[in-house]
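Chemist: Quick one: this structure, given as structure tokens, is what I'll be asking you about.
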Amino acid sequence: MNRNETILTGGVKHTDRILRAGVAVVAISAAIGFAASGCARPGPGSAKTTDELLSQLQDDRTEIDKTSDTMMKRIEVFNSSRKPGERTLQFSEIFTQDLNPEQRDVLNALVEQEKDISYKALLQKIIADRDSIRQLQEKVMHLEQTLPDKFVVAKRGDRQQDLALAYLTVEASLDADKAKTLLRQVDQTDELLAGNKVWFFYDAQQDTFRTYVTRGDAGQTPIQVRRVRQHKLVKERDTLKSERDTAQAESAALEQVKTQLESDLATRQNSLYYHAASSQSLRGQGVLSPVLRRLRDMKGVSFDASLDLRQGTSIDLVPQNYGLEQIRAVRLLPPVYQEGRDFTIQTAEDFTSARVVILDPEIFKGKEVVLALGG
């Protein structure tokens, strides 16, 4: 493969880089300045051979390509620093070959409004490098105009492969098989825009072929469209990932709530709820009748204590907790429950404590009882 073929193998790989000059607006003056590399870059018209011309084009496109990649990272850094509602730099406007006055004013306005010194400097460099890269683009375009290549203007629905095949078989007078062989050796794009210029050159002596795309009247090159699309896909992917993570977190929270509710329900269904107080206190509240000490009204009773019958079957009572000095007797109400069959009462010999022992836990599950303590 000769040098011409090595440097400009065709298609998107080399020409797209030219048009990325218009989008590379990041601050890397060392990368794109004509004197930053330690020696001045050759100017237009200095190439004496086609090989030298192709070499200059390749060098300039490489610089533009590096600057473009770094620019995207810088723009992302700037945008990530913005708070909700603050103006960001959109790739769609940065990737425009020529910013209109309103867009240029947007960049200038951002510089004036930016309070952070480091980000203000970044914006200033973006503006300065935008102009520098335009100068580099003009140089590249001038170099390309000196090439012997021909072009056609793409229409909606055109494909680079079809246009290149037509050039090789008609202009270069090659048979279809030979033309297809050459096409397999070069890069092509299926993302042509109406107005793009598609270039071709076949060197019969070297038997080499190159094809590439420039923006033409379309305003954008395929690489610019692809970059915007990739950026959009990345944002959509990140948005979907964020939404997925949020949904998973919400699902986990709901599952936790569900588990807690199920646990609470199971506890409710398997617990005995009770209210323990002195008989005198219960009569004063109207819970017990004053004479026969029977249940009178339980509506105002708060069953604030419970016993999980899956874990235990006894309730220990201490008189001091109920304003008593001793506990001589305990009544479990309502009287539907039978002592000796369903439960039993145990009192200490010195009356310093008492215990209610549940003998049949099943009949007490989910129920509410009153424990009337006699002192």
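Chemist: In region 209-239, which residue that is of a type in the set (D, E, K, R) and closer than 19 Å to THR70 by Cα is modelled with the lowest pLDDT?
Modeler: ARG227
Chemist: Restricting attention to region 65-85, report how many residues are under 24 Å from the mean Cα position of the chain (by Cα) and open to solvent by 80 Å² or more (accessible area, probe 1.4 Å).
Modeler: Selection size over region 65-85: 7.
Chemist: Among the residues of region 189-216, which ones are more than 22 Å from GLN137 (Cα to Cα) and in contact (Cβ under 8 Å) with a residue 60 or more places away in the chain?
Modeler: Matches in region 189-216: ASP203, GLN206, THR208, PHE209.
Chemist: Take the residues of region 166-176 that are open to solvent by 40 Å² or more (accessible area, probe 1.4 Å) and of a type outside the set (A, V, I, L, M, F, W, C): which is nearest to ASP149 (Cα to Cα)?
Modeler: GLU171
Chemist: Shifting gears a bit: Looking at (1) assigned to a helix (DSSP H, G or I); (2) in contact (Cβ under 8 Å) with a residue 40 or more places away in the chain; (3) open to solvent by less than 90 Å² (accessible area, probe 1.4 Å); (4) not acidic (Asp, Glu), which is the one condition that is false for ARG268?
Modeler: (3)
Chemist: Run LEU163 past the list (1) at pLDDT 85 or above; (2) over 27 Å from GLN220 (Cβ atoms); (3) crowded, with 16+ Cβ neighbours inside 10 Å and report the number of the one that doesn't hold.
Modeler: (2)
Chemist: Checking the conditions here, which among THR96, THR88, THR62 is modelled with pLDDT of 75 or more, open to solvent by 20 Å² or more (accessible area, probe 1.4 Å), among the hydroxyl-bearing types (Ser, Thr, Tyr) and part of a loop (DSSP other than H, G, I, E, B)?
Modeler: When all the criteria are applied, what remains is THR88.
Chemist: Within region 351-375, which residues are closer than 24 Å to SER281 by Cβ, open to solvent by less than 60 Å² (accessible area, probe 1.4 Å) and among the small types (Gly, Ala, Ser)?
Modeler: Selection gives SER353, ALA354, ALA372, GLY374.
Chemist: Can I ask one more? Applying the selection to region 337-362, what residues are part of a loop (DSSP other than H, G, I, E, B) and in contact with a helix residue (DSSP H, G or I) (Cβ under 8 Å, 6 or more places away or on another chain)? Break it down into steps so the answer makes sense when it comes.
Modeler: Of all residues in region 337-362, those part of a loop (DSSP other than H, G, I, E, B) come to 337-338, 340-342, 348-353, 359-360.
Within region 337-362, TYR337, ASP342, PHE351, THR352, SER353 qualify.
Chemist: List the residue pairs whose Cβ atoms are under 8 Å apart, where the first residue sits in region 296-316 and is closer than 9 Å to SER271 by Cα, the second is in a loop (DSSP other than H, G, I, E, B), and the two are 6 or more positions apart or on different chains.
Modeler: LEU307/THR313; ASP308/ASN270; LEU309/ASN270; LEU309/LYS365; ARG310/ASN270
Chemist: Go through the residues of region 335-358 one by one and say whether even a single one is under 15 Å from TYR273 (Cα atoms) and small (Gly, Ala, Ser).
Modeler: As a first pass, look at region 335-358 and keep what is under 15 Å from TYR273 (Cα atoms): 337, 343, 356-358.
Right, trim to small (Gly, Ala, Ser) and you get none.
No - not one qualifying residue is present in region 335-358.
Chemist: Out of the residues in region 103-146 that are under 30 Å from PHE201 (Cα atoms) and of a type in the set (Lys, Arg), which is modelled with the highest pLDDT?
Modeler: The selected residue is LYS139.
Chemist: Tally time: how many residues in region 306-336 are open to solvent by less than 30 Å² (accessible area, probe 1.4 Å) and either more than 12 Å from ALA354 (Cα to Cα) or not in a helix (DSSP H, G or I) (or both)?
Modeler: 10
The values are calculated or read from the model by the stated rules, or taken from the named source; none is laboratory data. In this text the structure is predicted, and so the values were computed from the model without any measurement. Don't worry about glycine lacking a Cβ; one is built from the backbone with ideal geometry, like all the others, and counts go over all protein chains shown. We work out accessible area using only protein heavy atoms, side chains counted, and drop any ligands, DNA or RNA first. Shrake-Rupley method; radii C 1.70, N 1.55, O 1.52, S 1.80 Å.
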